[in-house]
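Below: the structure, in structure tokens.
The values are calculated or read from the model by the stated rules, or taken from the named source; none is laboratory data. Quick caveat, the model's predicted, so the values are computed rather than measured. As a convention, Cβ positions derive from the backbone with ideal geometry for all residues, glycine included, and neighbour counts pool all protein chains shown.
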Amino acid sequence: MRGSFEVGRLEQVVTINVAVLLIVIVVLRLRRRTEARSRFDEKTTVAIVLALGVLLAPTPVGQGIATVLGQLTSGVTQASR
């Protein structure tokens, strides 16, 4: 039982490190001027952001982001009524 806990914990650490790397890549890509980006660059950025979302979704950070966005959207919906 303890060995499987260690493996699960190791996988989570690796996932978070890859997520941090993807965040850095996205920030660097988005700092470029819009005119300097080709369609391929934009599609690549979208794919990287999608992969980042898949990595963050099951983590506590991803759950927190989902909760905040859910509260924000419900607040906007109620304000528009």
Q) Listed residues 40, 5; which is in a helix (DSSP H, G or I), at pLDDT below 85, aromatic (Phe, Trp, Tyr) and exposed (fewer than 12 other Cβ atoms within 10 Å of the Cβ)? A) 5
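Filter region 48-62 for residues that are within 11 Å of the chain's Cα centre (by Cα), in a helix (DSSP H, G or I) and either more than 21 Å from residue 30 (Cβ to Cβ) or of a type in the set (A, V, I, L, M) (or both) and give the result. Give the steps one after another, and end with the answer.
Of all residues in region 48-62, those within 11 Å of the chain's Cα centre (by Cα) come to 48-59, 61-62.
When the remaining residues are screened for being in a helix (DSSP H, G or I), the result is 48-56, 61-62.
Selection gives 48, 49, 50, 51, 52, 54, 55, 56, 61.
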Q: Tell me which of these residue 81 doesn't satisfy, since it passes every other one: (1) more than 17 Å from the chain's Cα centre (by Cα); (2) surrounded by 10 or more Cβ atoms within 10 Å (Cβ to Cβ); (3) not in a helix (DSSP H, G or I).
A: (2)
Q | Selection from region 43-78 of residues that are surrounded by fewer than 10 Cβ atoms within 10 Å (Cβ to Cβ) and of a type in the set (Val, Ile, Thr) | A | 76, 77
